[in-house]
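One structure below.
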Amino acid sequence: MKTPDEYRESLRDGRVLYLRGRRVEDITLEPGFAVPLANGAADYDYDADPDLRTYIGESGERENRLFQIPRSEEELALRVELMRTMSPVSASVGALFALLNAEELLAEVNPDYARNVRALYERCRDEDLRIAQLVTDPKGDRSRKPLEQDDPDLYLHVVERRDDGIVVRGAKMHITGAALVHEFIVLPTRGMGPGEEDYAVAFAVPANAPGIKIINRDSVSEPLSTFDYPVSGAHQMPEGLVVFDDVFVPNDRIFLLGEQRLAAKLTRKLGLWERVLGLAGMVDRARLLVGAAQLLADYNGIGKASHVMDKITDLIFYAETLDMALQSAIHNYKTTPSGMVYPDGKSINLGKYYGASNYHLMVRNIHDLCGAIVLTLPTEADYRNPELTGDLEKYLHTHDGVTVEERMRLYNLVRDITADTRGGWDMVTTLQSGGGLAAQKILTYRGFDMDGAKALARRQAGLDD
Ligand SMILES: Cc1cc2nc3c(=O)[nH]c(=O)nc-3n(C[C@H](O)[C@H](O)[C@H](O)COP(=O)(O)OP(=O)(O)OC[C@H]3O[C@@H](n4cnc5c(N)ncnc54)[C@H](O)[C@@H]3O)c2cc1C
């Protein structure tokens, strides 16, 4: 297992990074990456919570739970618990498990593909590497297929086949933590049709492979006080537009090459691990919103009003329903032929859809309880200025038992996660990350036992003798 310092050092590998219009030569020296790097490095602190972050392996040695293949409900639950405590840099290791989920499917088509997946898993485990999952292509005009686009590179594709590998060109967008991981797992974003064989390609490449350029977009553009921004001041992760400018991929890193009918199946299988983390994140966020709403009500003296209790109860329903979906996904786990346990897709999709489609309403509830001060609250700098402290202590007072500093910190939390830059970012992320609303609906529709439901309707309608 690497130490936090070894992780930092490992990213100084010549990768080509851009941030805010500038080329970043050394990620460890760039202030704009300081918080994300600290978040990623903290995941390598295995002493922080050894019982969760490590486990005793079959050899009797302590091993990294991040790479433990779950073989029981308990191990699956621990895995989800672990991911909840880690930054997105480590959370995207789920992409590896998604590939392991598809191992048998790949082996049927080409045993080399399955061997390559296993080899990647073992390399990442043994070298303690972090991974990003690169699925989303730029996609150009959404009504057109890859070959119908004005530019053939709007979907990533193979431009050359050699004896020892392939050369690919294109881009993948919105890639969480792309600048801070070691390996990229690249997958098709949609099913491919006949003639689109060059677009049906999946593989792994190191983040510093020649021809790769990562254009980063961060959610904040300056260092933030953790008093005024308690969440986004301490937790940041840039998304990357990753450009593949004729990148060579050796044969032993390819998982799919031209088998276009497999592309859609693979894509569907692979979203699962990403969505389970999305769902776990929603459960945590929902609980946070409930707690913040109740504290706001307590601090402001409105806790007994019926409309306030009603709004908080809506938030509780939201939180509990999401938690039920997550627990159901773990409890109703499925098992691959090789014995790996994975979460139930139906529970994940229903939970993800419910969480994403109701999040904006829940934010509306909390905004309604906040009042305007969620936007107009003076900053920490004002509060600490002796010329102003007295005024703020006087005019932000509500009742004994609540200090003005406590009230300010709570409002700053709510502002940060719902009403400021990060709040807007979260609104969009909740909807889009892991696929938009339509994606969850399509998966749920396809997975539903329609024949059983139709048979029931036919019987009740007297259509069958
Ligand atoms: C913060 C964040 C992090 C992310 N991290 C990652 C990551 O790490 N890796 C990764 O691969 N992706 C990542 N994503 C991307 C995410 O998976 C996509 O945003 C999502 O799949 C939607 O794709 P899109 O953004 O291109 O939206 P679009 O596809 O443009 O969708 C926008 C709207 O158009 C509709 N639409 C699109 N195509 C059609 C069509 N043909 N017919 C009818 N309607 C259509 C959609 O249903 C939707 O309503 C991330 C996204 C966010 C916001």
With the full set of protein chains in place, find how many percent of the accessible area of segment 46-111 is carbon and sulfur; take the probe as 1.4 Å.
46 percent
For segment 298-314, Karplus-derived ³J(HN,Hα) couplings (6.51, -1.76, 1.60; θ = phi - 60°; whole Hz; x for glycine and proline) come out as 5, 4, 9, x, 10, x, 8, 5, 5, 5, 6, 4, 5, 5, 5, 5, 4
Whose amide H sits under 5 Å from the amide H of Y44, counting only residues 5 or more places off or on another chain, with H placed in the peptide plane?
none
Once amide H atoms are placed 1.01 Å from N in the peptide plane, what residues at a sequence separation of 5 or more from L134, or on another chain, have their amide H within under 5 Å of its amide H?
I185, V186, L187
Per residue, how large is the accessible surface of the chain? Use a 1.4 angstrom probe and give square angstrom.
47 Å²
Just the ratio, please: alpha-carbon radius of gyration of segment 4-127 over 2.2 N^0.38 Å, N its number of residues.
1.23
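Rank E103, E320 by accessible area, highest first, at a 1.4 Å probe radius?
So, going from the largest accessible area down, we get E320, E103.
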Can you tell me how much longer the chain between T335 and R409 gets when fully stretched, taken as 0.36 nm per residue apart minus their C-alpha distance, in nm with one decimal?
22.1 nm
With +1 at each Lys and Arg Cβ and -1 at each Asp and Glu Cβ, the charge dipole magnitude of segment 131-258 around its Cα centre, to the nearest 20 debye, comes out at 240 debye
Computed for segment 4-127: size of charge dipole around the Cα centre, +1 on C-beta of each Lys and Arg, -1 on C-beta of each Asp and Glu, debye to nearest 20, value 620 debye
Using only the heavy atoms of the protein chains and a 1.4 Å probe, how would R15, R115 rank by accessible area, largest first?
R115, R15
With charges set only on the Cβ (+1 for Lys and Arg, -1 for Asp and Glu), what does the dipole of the chain come to about its Cα centre, in debye to the nearest 20?
1280 debye
Farthest towards the positive end of the dipole of segment 91-157, among G94, N116, L106 and with Cβ unit charges of +1 on Lys and Arg and -1 on Asp and Glu, lies the Cα of G94
Give the residue from L277, Q260, L289 lying farthest towards the positive end of the charge dipole for segment 258-314; charges sit on Cβ (+1 for Lys and Arg, -1 for Asp and Glu) and the dipole is referred to the Cα centre.
Q260
Checking the cross-link filter: which lysines have an alpha carbon closer than 23 Å to that of K454, excluding same-chain neighbours under 8 positions apart?
K346, K441
Proximal lysines to K139, defined as alpha-carbon separation beneath 17 angstrom and excluding residues fewer than eight positions away on the same chain
K172
What residues from segment 188-207 fall in the zone where the backbone N is under 12 Å from a label point 7 Å along the Cα-to-C-beta line of K139?
189-191
Extent along principal axes [Cα atoms of segment 131-258; Å; largest to smallest]
55, 34, 20
Based on the Cα atoms of segment 264-452, what semi-axes does the equivalent ellipsoid have, where each is the square root of 5 times one gyration tensor eigenvalue, given in whole Å with the largest first?
41, 17, 14
Which one of H157, L456, I348 is farthest out on the positive end of the charge dipole of the chain, using unit charges on Cβ (Lys, Arg +1; Asp, Glu -1) and the Cα centre as origin?
L456
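The values are calculated or read from the model by the stated rules, or taken from the named source; none is laboratory data. Everything numeric here is computed off the predicted structure, so don't read it as measured data. When we count neighbours, we look across all protein chains shown, and the Cβ atoms used for this are built from the backbone with ideal geometry, even at glycine. Heads up: the accessible areas ignore ligands, DNA and RNA and are worked out on the full protein's heavy atoms, side chains in. Shrake-Rupley method; radii C 1.70, N 1.55, O 1.52, S 1.80 Å.
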